Amino acid sequence: MPARNILVINCGSSSIKFALANEERSDFLLHGLAERLGSPEAVLHWQRGEQSDSQDLAGGAHEAALARLLPLVEQTLEGPLHAIGHRVVHGGERFTQACRIDAEVRQAIRATAPLAPLHNPANLLGIEAAMALYPQLPHIAVFDTAFHQSLPPRAYRYAVPDALYREQHVRRYGFHGTSHRYVSHQAAEMSGLAVGDSNWLSAHLGNGSSTCAIANGQSRDTSMGLTPLEGLVMGTRSGDVDPNLHSHLARTLGWSLEKIDHMLNNDSGLLGLSGLSNDMRTLEQAREQGHAGAALAIEVFCYRLAKSLAAMTCALPRLDGIIFTGGIGENSPLVRNLTVQHLHVLDLQLDGAANARCVRGVGGPIHAAGHPRVLVIPTNEERQIALDTLAVLD
Ligand code: AMP
């Protein structure tokens, strides 16, 4: 059988990320981004080998972007396209692995939308537009939450009345599952260990950030919860706060739930603490120049991250290594260094030169000799979605 080609689509409310993978190649044949969809500035950017280009979409929305993508995919391929893999953020408790999309699966994704009101409707838009354009192809859904369905109840239950779990599905779900799974497999391979007999802590640090404890190939705990707001300090998200903050702000300032929600999701995190930016690069530069808010934001980010990693060790029988990934995890020696300094009780120590070397797609071990493994591993969610899509086809 010739090597199969898979188109991976990650559809947001106003953007579509895409990648065209071939099962025998480690790079993508074509990849890119359609952004500002539905606005007059809608545009499609793509890269094929050394060649990159953009096309104006003239106000087009998701259907228009996918229709423009079709000829690009066909020009790029020598053989046929075999399937489309779709990223879906929330699969609730129903989806424990990737699956082929039919009317019933679409309905289940729609029914889960109250748990991910920003993401699931956008993912569905992409699925429906792509299915209309490529009705003859298998379409596969790969869920961000599925990897975490192996959490035990002690990790996924909140200490709130049982009926809220049974009737309203209030529990911890976790996100970034595709990334945590991908990097933990890479870590095992890089270290000469079997996925099924190795134990990792993974820190996915980007605009959204989460930690995950992976025992013998299974997620056993993770820092995000019912929604992607729980846990670590993020670009604009607060992460954990006292749940009474809501009633405190409502009582003292008269703030509405919508206003508090917006503040915690959009005005908090690195941006809120620094008063400057949600972007770690900007904050690192400002810290160098003596900006106190930027220094504080980085300090809180790293301390909270270290605390979360230490807590996650409770879910592991032993620790084979810590993995840094995501835009910040892959590119910030400073964040890795400050975080690991808080973990000296776990005997962690970095090799300064190796830590400095691992940026811009360069991964590898960064721990000092004789100390527990610390790895930088560039994530590749699109590749993992393509692999999961192939597994469903098989
Ligand atoms: P992501 O959401 O994974 O794309 O990650 C975005 C985050 O990665 C932003 O906060 C960026 O500032 C951060 N980032 C990217 N490159 C660097 C870098 N060289 N140094 C520090 N942070 C970086």
Practice prompt. Name the shape class, rounded, prolate or oblate, that the alpha-carbon gyration tensor gives for the stretch 262-312, where a ≥ b ≥ c are the square roots of its eigenvalues, rounded holds for a/c under 1.5, and otherwise prolate holds if a/b is larger than b/c and oblate otherwise.
Written response: oblate
Fill in: Förster radius 25 Å - calculated FRET efficiency between residue 97 and residue 353, Cβ distance, rounded to 0.05
0.05
Worksheet item: Name the residues of the stretch 159-194 whose amide N is less than 16 Å from a point 7 angstrom out from the Cα of residue 111 along the C-beta direction?
Response: 166-170
Worksheet item: When 178, 222, 282 are ordered from fewest to most other Cβ atoms inside 10 Å of their Cβ, what list results?
Response: 282, 178, 222
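What fraction of the Cα pairs in the stretch 164-306, stated in percent, has a spacing above 22 angstrom?
Across the stretch 164-306, Cα pairs with separations above 22 Å total 50 percent.
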Fill in: Kyte-Doolittle at least 0.0, axis length at least 15 Å by Cα - qualifying DSSP helices, the chain
62-76, 120-133, 292-312, 381-393
Worksheet, complete the sentence: Per the rule of 0.36 nm per residue minus the C-alpha distance, extending residue 51 to residue 118 adds in nm 20.8 nm
Worksheet item: Any idea how far the Cα center of the stretch 215-261 sits from the one of the stretch 336-385, in Å?
Response: 27
Worksheet, complete the sentence: Residues 223, 150, 274 in order from fewest to most other beta-carbon atoms within 10 Å are 150, 274, 223
Response to the item:
Diffusion coefficient in µm²/s returned for the stretch 1-46 by Stokes-Einstein, Kirkwood Rh over C-alpha pairs, 37 °C and 0.692 mPa s, is 284
Discussion item. What distance in nm lies between label points placed 7 Å from Cα along the C-beta direction at residue 285 and residue 259?
Written reply: 3.5
Discussion item. For a Förster distance of 41 Å, can you work out the FRET efficiency between the beta-carbons of residue 241 and residue 166, rounded to the nearest 0.05?
Written reply: 0.95
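From the helices alone, meaning DSSP H stretches of at least four residues, give me the mean residue ellipticity at 222 nm for the chain, per-run term -39500 (n - 2.57), in deg cm²/dmol to the nearest 500.
Using -39500 (n - 2.57) per qualifying helix, the result is -11500 deg cm²/dmol.
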Worksheet item: Hey, what's the per residue convex hull volume over the C-alpha atoms of the chain, in cubic angstrom?
Response: 162
Worksheet item: PRE reach from residue 158 (point 7 Å along Cα→Cβ): which of the stretch 81-123 fall under 14 Å by backbone N?
Response: 115-116
Discussion item. From Cα pairs below 8 angstrom and at least 6 apart in sequence, can you work out the relative contact order of the chain, rounded to a whole percent?
Written reply: 13
Response to the item:
Once residue 23 and residue 391 are pulled to full extension, the length gained, defined as 0.36 nm per residue separation minus their Cα-Cα distance, is 131.4 nm
Discussion item. How would the stretch 292-373 be classified by its alpha-carbon gyration tensor: rounded, prolate or oblate, with rounded meaning a/c under 1.5 and the a/b versus b/c comparison settling the rest?
Written reply: oblate
Fill in: DSSP bridge orientation in the chain - percent antiparallel, rounded to nearest 5
70
Worksheet item: Hey, how many Å between the Cα centroid of the stretch 151-209 and the Cα centroid of the stretch 293-326?
Response: 14
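What shape does the stretch 84-186 have by the C-alpha gyration tensor, where a ≥ b ≥ c are the square roots of the eigenvalues, rounded means a/c under 1.5, and otherwise prolate means a/b greater than b/c and oblate the rest?
Oblate, since a/c reaches 1.5 and b/c is not below a/b.
No value in this document is a laboratory result; all are computed from the given coordinates. Note that the structure is a prediction, hence the values are computed from the model and not measured. Here the Cβ is made from the backbone with ideal geometry for all residues, glycine too, and neighbour counts use every protein chain on show.
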